[in-house]
Amino acid sequence: MSRIRDTFVELKCSGRGGFIPFITAGDPDLATTELLLVELATAGADIIELGVPFSDPVADGEVIQRASERALRNGVTLGDALTCVARAKQHIHVPIVLFSYFNPLLKFGEDRLANEAKQAGVDAVLVTDLIPEEAQPWTETLIQHEVDPIFLVAPTTSDKRLVHITQQARGFIYAISRAGVTGARDEMTHDAETLVKRVRSVSDLPVAVGFGVSSAEQVREVWRFADAAVVGSAIVREVERLSAEADLVNRVGQFARSLVAPKSVRQAAGN
Amino acid sequence: MQKLPITRSEPDEHGHWGKFGGRYVPETLVAPLEALTKEFSRARNDSDFWRELSQLLCDYCGRPTPLFHAQRLTAHAGGAQIYLKREDVLHTGAHKINNAMGQALLARRMGKRRIIAETGAGQHGVATATVCALFGMRCIIYMGAEDMRRQALNVFRMRLLGAEVVTVHAGARTLKDAINEALRDWVAHVHDTYYLLGSALGPHPYPLMVREFQRVIGREAREQILSATGKLPRVLIACVGGGSNAIGLFHPFISDESVRLIGVEAGGHGKSLGQHAARFHNGAASGGGRVGVLQGTMSYILQDESGQIPTTHSISAGLDYAAIGPEHAFLHDSGRAEYIYASDAEALEGFSVCAELEGIIPALESSHAIMPAIRIAHELPRHAAIVVNLSGRGDKDVQLVAELQTQ
């Protein structure tokens, strides 16, 4: 059983919704990212997604594009992100999902990535522009090294492909709430709930919903029909806003706490 | 290992030429790409579709384009007979309209009324704006701020044609950044929007589809050169950015093993990464391209040690791009086609030579093929023929060249 699987089993047993914050490695710098990983874990994250910057992030909206640019200006690489995870993992046990695009991974090499990710304590890898049809032999190599390949499903994904994708995926399914790039939105659409129901009808994998989830209300709304909520741009925007502040880490932690109650409270409240 | 001759160049059903091509996209785009693939293969087998397209290419765009025997260029080279395939005389000024017209007909079949496109030099943007005006479709063109500066005339033309031109400020503010923005728009508007991609690039089915719409160049050229000289040419030569004009010219000659196919990349003004757009050249260590994935397709990509895509440079906006179309990558690795490069300075020289000797002002993109063509013609006997694809006209570049000459 993977640690991600364990996490979702625990969530289910306690009747608690999962919280998955996203930050970009090296934004504003690697030392801060390491501290943020620890802070977010303390603030109630059940899993953390760590973005590895790419020069051409076609699936991302402006907020995460700018975070990637800042990280790349610092010269941050996939290797740096792995080191950052390894260091943070000395203090925390929350599963970490690497979130990136295919080219930096391809350049790094498939065996090397699987090996070094495992060693660093990375639990899963999600590649935004790698669909299951093109993902062999990457998926197998990752699975052999006990790193979960996570795949996205979208409201536009056909029923036939949902079956195919969920068969290749491990850990959880990441459901995109609506057609579009990453970025905060004022309203959730019904697309997300419909999509989660469709996934549930073909797979037992837990489902996390992301893209556009940015407020405490939206997180609670997602918990009503899915296992976990991913909050990306809203957190990255806080990192950007506070990047010059000495207490950035604490204040991003406070923001995360404003999105979700502590795990123990969530458990008691049964949501 | 001895390479087998390539006499056919067709992708598998998922758009792979060997390891190249394929579909590397965010999940949201898979459904519209599948729908497009399906509609394209229906249209490909529909004689009514091709009849309507041919009629429009003829009556509206001015096909067939002439194959002109450039006698003064030939005399200047002192070797093989140089023929120019005159795509520059097409409506809107470049080969881009062949593809824009084909895809606009597809968009109409699919009931899409909102058309988006990227543009580098502005030629594809103008072609797209033109077909959208013709069919009464809404048109949004993404263009890098740097390219808008270099190609101000084309920006004005697009706006005259009723298109909305959206300035892209990300990255180096050139073609690659415009494609990123167009892809983001498409992801957000998949239901009503058709992405009219302008080169033989991107996810399947675009590289195949754009080639099929550009093959008309090579089909006509083959017939014309046979009728003019009674035999096949020794060499075909064309500039390669994404590579649509080159693949359009080359493809009908793929099985003619005696015909050398030569693509000319943008050598820019230096050999290190960031100074050129020559994906096949200089060797990986000193800044050439390596196999990778960019904007939906696996091909040769200019990239750094970490797999990040650097800025590229070319005097011509249309060749200033980090990736090359996947079918070219396949033809390169198989040895069927050769790829060389011409520098900014050589392109400017070709621009002037063609203007002065033939009274034809070529686009700076097409100008990259002129000096290499003269060199190659020089090495061949007089009875041989070489066909140069004059993919576009240079009106859009006159101001830029004038500025360079006064500097």
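A few remarks follow.
- Every residue from segment B:203-218 that is away from chain A (no Cβ under 14 Å), under 17 Å from B:Phe330 (Cα atoms) and touching a His at 6+ places or on another chain (Cβ under 7 Å): B:Arg211
- Within segment B:12-31, the residues that satisfy the criterion of being within 27 Å of B:Gly111 (Cβ to Cβ) and more than 7 Å from chain A (Cβ to nearest Cβ) are B:Glu13, B:Gly15, B:Leu29.
- Sole residue being assigned by TED's automatic domain parsing to the domain that holds B:Lys85, aliphatic (A, V, I, L, M) and not in a loop (DSSP other than H, G, I, E, B), chosen from B:Ile179, B:Ile225: B:Ile225
- Residue in segment A:215-232 that is under 14 Å from the mean Cα position of the chain (by Cα), among the aliphatic types (A, V, I, L, M) and within 26 Å of A:Leu30 (Cβ to Cβ) present: yes
- One residue from B:Leu261, B:Leu232 being outside any helix (DSSP H, G or I), more than 14 Å from chain A (Cβ to nearest Cβ) and surrounded by fewer than 21 Cβ atoms within 10 Å (Cβ to Cβ): B:Leu232
- Candidates B:Gln295, B:Gln303 - the one that is within 14 Å of chain A (Cβ to nearest Cβ), in contact (Cβ under 8 Å) with a residue 60 or more places away in the chain and more than 16 Å from B:Tyr341 (Cα to Cα): B:Gln295
- Breaking point among (1) surrounded by fewer than 24 Cβ atoms within 10 Å (Cβ to Cβ); (2) assigned to a loop (DSSP other than H, G, I, E, B), for B:Ser314: (1)
- For B:Ala200: the one exception among (1) more than 14 Å from every other protein chain (Cβ to nearest Cβ); (2) assigned to a helix (DSSP H, G or I); (3) under 21 Å from B:His328 (Cβ atoms): (2)
- Some residue of segment B:245-255 being open to solvent by 20 Å² or more (accessible area, probe 1.4 Å) and among the polar types (S, T, N, Q): yes
- For segment B:349-370, the tally of residues that are in a helix (DSSP H, G or I) and surrounded by fewer than 22 Cβ atoms within 10 Å (Cβ to Cβ) stands at 7.
- Odd one out for B:Arg290 among (1) open to solvent by less than 40 Å² (accessible area, probe 1.4 Å); (2) within 14 Å of chain A (Cβ to nearest Cβ); (3) at pLDDT below 95: (1)
- Any hit, segment A:48-64, residues being on the phi > 0 side of the Ramachandran plot, more than 8 Å from chain B (Cβ to nearest Cβ), touching a helix residue (DSSP H, G or I) at 6+ places or on another chain (Cβ under 7 Å) and surrounded by fewer than 24 Cβ atoms within 10 Å (Cβ to Cβ): no
- When restricted to residues that are hydrophobic (A, V, I, L, M, F, W, C) and either free of Cβ contacts under 8 Å to residues at least 12 places away in the same chain or in a helix (DSSP H, G or I) (or both), segment A:115-141 contains 3.
- Of the residues making up segment B:127-144, those that are outside any strand (DSSP E or B) and in contact with a helix residue (DSSP H, G or I) (Cβ under 9 Å, 6 or more places away or on another chain) are B:Ala127, B:Thr128, B:Ala129, B:Thr130, B:Val131, B:Cys132, B:Leu134, B:Phe135, B:Met137.
- Residues satisfying the stated conditions in segment A:108-131, i.e. open to solvent by 20 Å² or more (accessible area, probe 1.4 Å) and touching a His at 6+ places or on another chain (Cβ under 7 Å): A:Asn115, A:Lys118
- Filtered by the rule that a residue be loosely packed, with under 14 Cβ neighbours inside 10 Å and in contact (Cβ under 8 Å) with a residue 24 or more places away in the chain, segment B:160-170 gives B:Glu164, B:His169.
- Selected residue [modelled with pLDDT of 95 or more, within 14 Å of chain A (Cβ to nearest Cβ) and surrounded by 24 or more Cβ atoms within 10 Å (Cβ to Cβ)] from B:Ala221, B:Ala182: B:Ala182
- Condition check for B:Ala322: in contact (Cβ under 8 Å) with a residue 60 or more places away in the chain and within 14 Å of chain A (Cβ to nearest Cβ): yes
- Test for B:Leu273: is it more than 15 Å from B:Ala329 (Cα to Cα), within 14 Å of chain A (Cβ to nearest Cβ) and of a type in the set (A, V, I, L, M, F, W, C): yes
- Here B:Leu380 fits the description: open to solvent by 10 Å² or more (accessible area, probe 1.4 Å) and either in a loop (DSSP other than H, G, I, E, B) or more than 24 Å from B:Glu118 (Cα to Cα) (or both).
- Failed item in (1) closer than 23 Å to A:Pro155 by Cα; (2) within 14 Å of chain A (Cβ to nearest Cβ), with B:Glu39 passing the rest: (2)
- Residue satisfying all of: in segment A:155-181; assigned to a loop (DSSP other than H, G, I, E, B) and within 10 Å of another protein chain (Cβ to nearest Cβ); nearest to the chain's Cα centre (by Cα) among these: A:Val181
- In segment B:177-220, the residues that are over 17 Å from the mean Cα position of the chain (by Cα) and within 30 Å of B:Gln81 (Cβ to Cβ): B:Glu220
- Residue, surrounded by the fewest Cβ atoms within 10 Å (Cβ to Cβ), within segment A:93-107, restricted to residues that are more than 7 Å from chain B (Cβ to nearest Cβ) and outside any loop (DSSP other than H, G, I, E, B): A:Leu105
- Some residue of segment A:192-210 being in contact with a Pro (Cβ under 8 Å, 6 or more places away or on another chain), more than 22 Å from A:Ile23 (Cα to Cα) and surrounded by fewer than 19 Cβ atoms within 10 Å (Cβ to Cβ): yes
- Among (1) surrounded by fewer than 20 Cβ atoms within 10 Å (Cβ to Cβ); (2) in a helix (DSSP H, G or I) - the single one B:Lys271 does not satisfy: (2)
The values are calculated or read from the model by the stated rules, or taken from the named source; none is laboratory data. Predicted model, so just to flag it, every value in this text is computed and none were measured. Glycine also receives a Cβ, built like all others from the backbone with ideal geometry; neighbour counts cover every protein chain displayed. The protein model used for the area step is the full one, side chains on, heavy atoms only, and it has no ligands, DNA or RNA in it. Shrake-Rupley method; radii C 1.70, N 1.55, O 1.52, S 1.80 Å.
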